[in-house]
Structures are given as C-alpha cells and as structure tokens.
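Comments concern the structure below.
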Amino acid sequence: MSGTLKTSLLNYPFELVAPMAAIGSVLLLPLGPLLIPRTYIWFLLVYFTLFLYTQVSHVFKFYLTASKIKGNIRAWNQRSVVEEEKTSMSKPHERVNDQDLDDMETSLQLYEENHFIHAFIVPNYAEPEALLRDTIKRLANHKNAQTNYVIILAMEASELNYELKADSLTEYFKDSFLSFIVTAHPADIPGETRGKGSNVAFAARHGCAQMMQQGIDRRRVILTVSDSDSSIPELYTKEVEKSFTQAEDPYFLLFAPPIFFSRNSFEVPAAVRMTDITWSAMVMSSLSNGRGLSFPCSTYSLSMVLAERVGYWDTDADAVGEDMHMMLKCFFKTDGLARCCPIFVPINLTNVQTNGYLSNMHARFVQAKRHYNGVADLAYTLRNSFGVKDNVNVFASKKSMYASPNFWLDKLIICIKVMEAHLIPVTSGWLMFAAVPLMQFILFPPASITVFVPAEQNPILTSEFYANLWNTVRIITVFLPFPLFGTLAVYEVLHRTIDRELYHKADTRTWRNMFDYISLPVAAWAFMTIPSTIACIKRLYKSNSEYIVAEKFFDEE
C-alpha cells in the first residue's frame, strides 16, 4: 500500500464526523426515547446546557464587539472634526494654543502613515458591472488611493465576455489607483475546485508577481480579499495600518473586520434580512477573542509575507470556505503562531436579491447551501490537529523557528471553535425544535393506543431522579432563545449607530422592523438547519458543486 493511500485511510474517519453528526441528530429524535431513554435524557441535558452556556458567552462577546465598533466610529468622526478645526485654526487671523495643536496632531498621527501598499483582491464571476464599479469607486474615494492602493480585479476566464467588463472598469479607474491589475482565472486547472478560493489564489499569485516587477517591497504590501459587494470604509484601512504597526509580529496576523448588511436590506424578504443579521452578529461575537483564535468572514487582510509563507490560498475541495480555511491554513502552517487580529470597523455588504419574493427566498437558500459547504474545514482541522499529515501536503517553504508554546492547547480550542461553527447549525435546529416535544409524545402519548414505551420501561415514571432530570431539561429549553433576544437587542442599537454615524444614511431600522423577528423560525430552518444538513451529508460522497454566485441587483443611481 502506498504511503499516500495509507495516510488517506488513516485520516478518513475525520471525514465522517460532519455527516454522522447530521444523520445522528435526526435519527436520535425518534430512536433516543425508544431505545436509550436514560442516555438520551443525559445527552439532551449536556447538549442544551453547553449550548446555553456558549450562547450566553456570545452575547457578552457581541456586546464587547459592538462597544468597540461604536467607539472606533465615534473616535474617527471626532478626528475628522479635529482635523477640520486644526485647518480652520491655522488661519492667520486666529490664535492657536500650542498645546491644543500638539494634542490634535498626536490624535491624527496614527492615521497619516503612507508607508503601506494596500492590494485589494476583488474576485467576481458574472457580477453586475455597476456593482463592481460602485465597490471599487468607494475605494477610489479614499485619501491615499492614487499613491497607495492597488486593485487586483480577479475575473473568471469562463465568464462570457469578461474582457469587455474588465476593459471597461480598467478604463474607468485608469487614474484612480497606483495600479489596476486584471487577472483571468482559467476554469480547467487540474485538481482545483472552482469558487472564490481558487480565483483568489490565482489572482494573488499573479497580482503579487506584477507588483514585484513594479519594484514594490513585499514587506509593505497588505493584501485585502474583498467580496464584489464589499463597501470598505477608509477607516478600515487606517485601523489595519495601526494594528499592523503596533503588533509585535504583524507578519503572523490576519486582520478580520465584522460584516454588516444594510446596502439593500429593505428590498429583500424579512427572512433573508434576519438571516444575514444573525450571521453578522455571530461573526461579530467571535471577534472578541482574547487568544486571537477566531475567523474572518467575507473580507479580511493579511501581509504578502504571510501569504507567501503559507503558499497562498488552497484551491482543492477542502478550501471551499476560503476565508475560514485561510486562517486555519496559516495557523497550522506556522505551527500555531498565526493569529486573527480583529478590526472593529464594519464592512457593508449586499443581501441576496432577485425579482419576486419566492425567487429571493430560493436564491438565499442556494447561497446558504454554498456557505455551509465550508463544513469541509471540519475534517481539515481535525486531520491537521490529530491526524497523519500527508507527505504531499507538507509545507515546503521555510517554517518558523519556534512553534507556539501552547500549540496543543490552541489546536484543541481551534477544533472546538470549528466544531461549534459547523456542527451547532446542523444539530441545534433538529434538537431544539423537536427533541423535547417528540420525546414527550413518545413517552407520554395522548392516547393509550399510541403507547410506544411500556410504563415499566419509562425511566421518567419509574425513577424520581430521571423525572427531575427530565424536568430540568424542559426548563433549560425555555431559556434557550433568550441569548438570541439579547443579541438582537444589542444589534438593533448597533445597526442604527453604524448607519447614521459611519455611513451617514438617513434611512435605517425603526420600530417597524421588530416585526422582522416573526420570520426567525422560517429563516432558521430554511437558511440554517436544512442547508447545513445537506452540506454535511454531501461530505459522504464529496460531489463537485456547480459554480453558482448569489444573485444581486444593483441600481447604480
């Protein structure tokens, strides 16, 4: 047996974790009360207790993130006011207090560094040209765009007439940036899985090579992966520069901002809106992590040095969730030294939008299935933490001299976080909604003709201990939704702050949007439980999914 085949067989059990979790959570609903009622009661008690604990923890973390976001926005706005006052006070007819001027200059100093080159990778496939133009135009409006920004427009060669779109955008922005690079990712590279990750990998390699030819020092380059609809404020790049400058070793950091949906949120169904709000809140809560073991989502940054160190982005089927996967790859390839540095500046994204209510719901369902295909990262994480490394995948570049002193502890934490991200959606929907009612029905049927478990075999009737245990389980389930309510309460205040103070929007969420919450059960099942279950079960046969992008309208006016 060859070494590669032997290694694959040894690692195969990790591939079964996700599908078994999905299948097991469904089968336990009827079989648990019938076959193993005592064990099942203990299982539900432990599961619901841990779930409640993690959700309460997320509420507090989300509150910390929200506070830091609001603080950053208000500090940025205050600096803008100070800069205006500094300019007006410098007029000849006005007297300026030297101490006041020094304080103003100090407050602005961290935001006036022009040393870094920001290369924005914008992967896209069949996206509206107007949407791409708007996304890039927002970057062109930044203060140092002409001297310090490089756009890498990552096109797909399989898109019909992509050259026309690329040429149009190149002409439109020819004088707006330091450089405007267009790459075309081929569709037939052996071993690749088509998607955002493979496009980003191709664009990063070729874009970085062109920057090197232009004489740009790789140590100055910060790569930012942007979605085609990402509205990136100037404050984000300034906060990345500040964090990069202040870090002990910035070449081991990925910079991750929170995501935010408000560009077209009032033009989509409430269930779509609430799904993205919940998704946004989960991403935000994960950023407040003291060990830096969290994950970017959609838009994030890292140095060219780190990208080269780990061999850029992976392009195989395990890397379909390119944002989380890149953090995991950096973590394992640097022996635990890589960390995620939160940047508390929200990136505004667009909700999936199509013509018609049902069409829009279906488009969001398709997007959810694609997102949850990132469950491939679970096997990747377990394999790299506890499995046998495949010789062909051993990192060939120069590795760090020293691993993280707590590498094993960090690997355990990473595994728990990845399992939480991918197994909670696929199990909680089934267990939270159906476990208690179905067990109540099976053990205490409404009619004697439907008795499934004889009274003498019913542990709740024959044991006071298990009766109390079952009552405890039912009480805990009553409190399970409360952390979500707390999260949404914090979010409502945060959403208004971001809209009004960062994006200066007149229209934002109001009390009328409280009715959106009625759609939460539909959103949870349609866009979380069902698509995550499908994605987990698909891991049994690893089919190649069609390259489909989320449909989005965009009115350039």
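Failed condition for I343, given (1) within 27 Å of R500 (Cβ to Cβ); (2) within 15 Å of the chain's Cα centre (by Cα); (3) modelled with pLDDT under 95, with all others met?
Condition (3) is where I343 drops out.
Go through the stretch 453-509 and count every residue that is of a type outside the set (A, V, I, L, M, F, W, C) and in a helix (DSSP H, G or I). Break it down into steps so the answer makes sense when it comes.
The initial filter retains those residues of the stretch 453-509 that are of a type outside the set (A, V, I, L, M, F, W, C), namely 454, 456-459, 462-464, 466, 468, 471-472, 474, 477, 481, 483, 486-487, 491-492, 495-497, 499-501, 503-505, 507-509.
Filter once more, keeping what is in a helix (DSSP H, G or I): 456-457, 459, 462, 464, 466, 468, 471-472, 474, 477, 483, 486-487, 491-492, 495-497, 499-501.
Here the count works out to 22.
Of the residues that sit in the stretch 524-533 and are modelled with pLDDT under 95 and among the small types (G, A, S), which one is farthest from the chain's Cα centre (by Cα)?
Only one residue fits best here, namely A526.
Could you tell me which residue of the stretch 160-198 is surrounded by the fewest Cβ atoms within 10 Å (Cβ to Cβ), considering only residues that are polar (S, T, N, Q) and at pLDDT below 95?
Result: N161.
Per-residue answers, yes or no, for (1) crowded, with 20+ Cβ neighbours inside 10 Å; (2) in contact (Cβ under 8 Å) with a residue 40 or more places away in the chain; (3) touching a strand residue (DSSP E or B) at 6+ places or on another chain (Cβ under 9 Å):
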position	(1), (2), (3)
V200	yes, yes, yes
R205	no, yes, yes
E248	no, no, no
F260	yes, yes, yes
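Would you mind finding the one in L494, L438 that is surrounded by 14 or more Cβ atoms within 10 Å (Cβ to Cβ) and either among the small types (G, A, S) or under 18 Å from L28 (Cα atoms) (or both)?
Going through L494, L438 in turn, the sole match is L438.
Please state which one of V436, V418, V426 is among the aliphatic types (A, V, I, L, M), touching an Asp or Glu at 6+ places or on another chain (Cβ under 8 Å) and assigned to a helix (DSSP H, G or I). Steps first, please.
Working: V436 fails: touching an Asp or Glu at 6+ places or on another chain (Cβ under 8 Å); V426 fails: touching an Asp or Glu at 6+ places or on another chain (Cβ under 8 Å).
Within the list V436, V418, V426, the selection yields V418.
What about A184, is it free of Cβ contacts under 8 Å to residues at least 40 places away in the same chain and not in a loop (DSSP other than H, G, I, E, B)?
On the way: free of Cβ contacts under 8 Å to residues at least 40 places away in the same chain: yes; not in a loop (DSSP other than H, G, I, E, B): yes.
Judged against the criteria, A184 is a match.
Applying the selection to the stretch 466-517, what residues are of a type in the set (S, T, Y) and within 24 Å of the chain's Cα centre (by Cα)?
Scanning the stretch 466-517 gives T487, Y491, T497, Y503, T508, Y517.
Hey, could you check the stretch 328-371 for residues that are among the aliphatic types (A, V, I, L, M) and over 30 Å from L520 (Cα atoms) and say which is surrounded by the most Cβ atoms within 10 Å (Cβ to Cβ)?
The selected residue is A338.
For the stretch 516-524, state whether one or more residues are among the charged types (D, E, K, R), in a helix (DSSP H, G or I) and exposed (fewer than 14 other Cβ atoms within 10 Å of the Cβ).
No.
Looking at (1) of a type outside the set (S, T, Y); (2) within 25 Å of D188 (Cα to Cα); (3) under 25 Å from the mean Cα position of the chain (by Cα), which is the one condition that is false for A157?
Condition not satisfied by A157: (3).
Considering only residues that are surrounded by 17 or more Cβ atoms within 10 Å (Cβ to Cβ) and of a type outside the set (A, V, I, L, M, F, W, C), look in the stretch 441-469 and name the one that is farthest from V46 (Cα to Cα).
N458
The values are calculated or read from the model by the stated rules, or taken from the named source; none is laboratory data. Since this is a predicted model, take the numbers as computed values, not measurements. Because the Cβ atoms are built from the backbone with ideal geometry, glycine has one as well, and the counts that use them run over all protein chains shown.
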